[in-house]
Amino acid sequence: MKSFAVIRGEDKNKVRIALHDLQQYGSMKFSSCPKRIEPNYADTLLVKVVGVPLRSNCKFAALVGLENNAGSAINKLRKIHPPAHIVIISPRHDAYEELMDNSEIYPEFEINN
């Protein structure tokens, strides 16, 4: 796993579409199945990584490990316009180790319904 994508959205469908867009249009390879994470945790991760206050809280969130390195993932993300906010977390972020340690305990994000 070279990086993580945290997907934050207003509803479950937007998060689901954003996950699809990452693979389909961003050509990103998932190293694990997407996991459902608490929206508050996703908001906290965003603040930790970006370092600016939130404009609004999300209502649904997912986490997925990527085979793409963070720089490549960010460049690909700039070329697509998913319907949810996506944050790429690389090994240089403090949150990366936390996610590596805990990512398997989160429940699977239901993509198909």
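Throughout, read-outs are computed from the coordinates displayed, never taken from laboratory work. Since the model is a prediction, treat every value here as computed from it, not as a measurement. Glycine gets a Cβ as well: all are built from the backbone with ideal geometry, and neighbour counts include every protein chain shown.
Descriptive notes on the structure:
- Segment Val50-Glu10, length gained on full extension (0.36 nm per residue, minus Cα span): 12.5 nm
- In plain terms, the chain is cut at each of the trypsin sites (Lys or Arg not before Pro) found in a DSSP loop with at most 11 other Cβ atoms within 10 Å, and the longest leftover piece is 1-54.
- Judged by the ratio a/c of the largest to the smallest principal axis of the C-alpha gyration tensor, region 23-70 counts as prolate, that ratio being 1.5 or greater while a/b is larger than b/c.
- Annotation: amide H of Ile37 within the under-5 Å range of Ala61, Ala62, Leu63, sequence separation 5 or more or interchain, hydrogens built in the peptide plane.
- Cα-based shape type of the chain, given that a ≥ b ≥ c are square roots of the gyration tensor eigenvalues and the cut on a/c is 1.5: rounded
- Label point of Lys59 set 7 angstrom out along Cα-Cβ; within region 78-113, amide nitrogens under 15 Å from it belong to 84-85.
- Projected label points at Met1 and Tyr25, each 7 Å from Cα along the beta carbon direction, are separated by 2.6 nanometres.
- Database remark: amide H of Leu66 closer than 5 angstrom to the amide H of Lys2, Ser3, Phe4, Ala5, Ser31 (H placed geometrically; neighbours at sequence offset of 5 or more, or on other chains; Pro and chain starts carry no H).
- Estimated distance in nm for a label pair at Glu110 and Arg92, the labels positioned 7 Å out from Cα along Cα-to-Cβ: 3.9 nm
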